[in-house]
Amino acid sequence: MKDFFSKLVRSGNNQRGASNRSNQEDQLKRQVAALYGLYTGVLGAEKVVLKAGKLGALELMRSDSLSERVLALQKLVFEDPTIDKLPSFDDIPGILGEIEEELADLCARRTVEDRIEKKIAEKMEERHQEYVQEIRMQVIKEESDANVENPQTLKKYAMLEKLETRKLTKSAMEFLRPASLDEIVGQERAIEALRAKLASPYPQHLILYGPPGVGKTTAARLVLEEAKKLKNTPFAKDAPFVEVDGTTLRWDPRDVTNPLLGSVHDPIYQGARRDLAESGVPEPKPGLVTDAHGGILFIDEIGEMDPMLQNKLLKVLEDKRVFFDSAYYDPSDASVPKYIKKLFEEGAPADFILIGATTRDAGDIMPAVRSRCAEIYFEPLTPKHIEEIVYNASVKLGAAIEPEVPRLISDYTIEGRKAVNILSDAYSMALMRTGSSEQAVTITVQDVYRVAQVSRLSPYVNRKAAATLEVGKVFGLGVSGYLGSVLEIEAVAFPAETGKGSIRFNDTAGSMAKDSVFNAAAVVRKITGQDLAGYDIHVNIIGGGRIDGPSAGTAILSAVISAITGKPIRQDVAITGEISIQGRVKAVGGVFEKAYGAKQAGISVMIIPQENKADIPENHLGLDIRPVNTVEEALAILFDEEQAASA
């Protein structure tokens, strides 16, 4: 009986426990359903389904099992697909508590975001209304401005529009400009050096020296185009070639304007953009160095630039950036645009290769600029080079030329650019003569002569060598810049009363030439044994040429000795060299350039000091180059009648 009552009590307790568990499970299911509803209300039903699919919780979410639905809710709320442990019945209340806290944070964030989005929408609407109002005012202004037009202004506007429709063909110089490096004549060594220094993984800054019109600018531009095609160079396909004339660049100490480096337009005096001026923001204007970023900045006549501007340019070459400064710039001003703040704080990029070209001597260029640049010398053009340039240009023009035309044009210039100009003018003359561009055009010698007459051209070289001998006349050699020239030196001697002779010399030749005459007097006595005091001697530079150095000493001595002794001098020989009072021929400068002057004048033999032998290649320009140590060696060549006869 006692056992029966015990079983009855236990059965009642079990029934009550089962009833309590069932009630608790129902409560948890309602709680889970409420949490699902809250989560769906925050995100939206479609987003919840998509999210459940990505997290692998879609099947669990649709399950009838409380544990599986809670697991799905965990994956969704915590966004963690790695949660895969089914919670036990006793763990579910704690997990739901954690989920409730996470959902509370999510709701709070969503509330703040909604409030911010609302404010953003309000601001955008406000700005939109302001923009619409600004457009409306602009339209009203344009309508009112339309009233300033009148028949006369409209007529002038129509004339401008009509002018825009007219186009001329490109100029002859642009058409005839070399399109490839092979078309640049007479500069093979310079172009080879330019390629080596520019078309390289580590291109160098360069200075190009040489006379005008020999192709310095064109060569630099074409070498860049070639470098763009190579894989081992830093130049991209769109690398710029920015060209500027150094004579037009000036340093402004106020920094108001600087087209090379850039400047800052302040909002008050210099007319920054209207929107910036109204808010008091200065506007930096990057210059040519920034335009050349990643490419080449070519400065023609770099020797003409202001020294201060050259110093500023050196700073840019080192920093590879340009920095701006302005008293109006306020880094804390919220109205400053990002690009202006970046320019002021970081500067503008200016990583480029500098190529400077000049017709001046290297000594005229700032040493600091030269120290950062490799130097390349372009050579003067010979008559043969000019003839080749003329022929190539005539092929491009599609015109025939008489055989003597290239040689004739080479008489008037040593510049390739000038030669092309003369040919294009002669081509125009030929067109006028034929009367139609459809007929075959032949440029004649007479066309070139007409151009020379109209343009007042004169032959570049008036002195020509000859296979003859003359007493008291010799060809010396001079140089100016990168151009050599032949000096015609003559001397006459008359016997005078012993000790009363005199030496006369034209004053325009310069003091150095006079010193050479007096040095020659001492050497004459040493060689001939005769005292110049017994002669009246007159030495003259034909044409009034000026001799700035002692390089004509040997030539003057030769002319004086010839005048005294009556020995004739070869007229196909030119000589250069300083004379010492001991009769030695000393080194001089400009031997390389003087060779071009000798070639231009038709000289076949060039006498130079032995000390200058390494300065010029053997057989340069086809000249017979004879190095000598003493005056006797030079005179042996000048007075060699047999060689003159064979020549």
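Numbers below:
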| quantity | calculated |
| --- | --- |
| Qualifying helices (runs of 4 or more DSSP H) (wholly inside segment 150-238; at least 3 residues being buried (at least 20 other Cβ atoms within 10 Å of the Cβ)) | 188-198, 216-228 |
| Conditions (1) among the hydrophobic types (A, V, I, L, M, F, W, C); (2) under 24 Å from GLY186 (Cα atoms); (3) assigned to a loop (DSSP other than H, G, I, E, B); number of the one not met by ALA426 | (3) |
| Flag if ASN619 is surrounded by fewer than 24 Cβ atoms within 10 Å (Cβ to Cβ) and modelled with pLDDT of 90 or more | no |
| Residue within segment 367-387 that is within 16 Å of THR247 (Cα to Cα), buried (at least 16 other Cβ atoms within 10 Å of the Cβ) and of a type in the set (S, T, N, Q) present | no |
| Subset of segment 342-360 that is without any contact (Cβ under 8 Å) to a residue 60 or more places away in the chain and in a loop (DSSP other than H, G, I, E, B) - its residue that is farthest from TYR482 (Cα to Cα) | GLY347 |
| Filter pass, VAL474 being under 24 Å from ALA601 (Cα atoms), at pLDDT 80 or above and in contact with a strand residue (DSSP E or B) (Cβ under 7 Å, 6 or more places away or on another chain) | yes |
| Count of segment 39-87 residues which are of a type in the set (Lys, Arg) and over 18 Å from LEU103 (Cα atoms) | 3 |
| Conditions (1) in a helix (DSSP H, G or I); (2) within 30 Å of LEU297 (Cα to Cα); (3) touching a strand residue (DSSP E or B) at 6+ places or on another chain (Cβ under 8 Å): number failed by SER394 | (2) |
| Number of the condition not met by ILE503 [criteria: (1) among the β-branched types (Val, Ile, Thr); (2) assigned by TED's automatic domain parsing to the domain that holds GLY602; (3) at pLDDT 85 or above] | (3) |
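Matching residues to (1) without any contact (Cβ under 8 Å) to a residue 60 or more places away in the chain; (2) outside any helix (DSSP H, G or I); (3) of a type in the set (A, V, I, L, M, F, W, C):
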{"position": "SER67", "(1), (2), (3)": "yes, no, no"}
{"position": "LEU71", "(1), (2), (3)": "yes, no, yes"}
{"position": "GLN74", "(1), (2), (3)": "yes, no, no"}
{"position": "VAL77", "(1), (2), (3)": "yes, no, yes"}
{"position": "LYS85", "(1), (2), (3)": "yes, yes, no"}
{"position": "GLY97", "(1), (2), (3)": "yes, no, no"}
{"position": "ALA104", "(1), (2), (3)": "yes, no, yes"}
{"position": "GLU113", "(1), (2), (3)": "yes, no, no"}
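The values are calculated or read from the model by the stated rules, or taken from the named source; none is laboratory data. Everything numeric in this text was worked out from a predicted model, so none of it was measured. Here the Cβ is made from the backbone with ideal geometry for all residues, glycine too, and neighbour counts use every protein chain on show.
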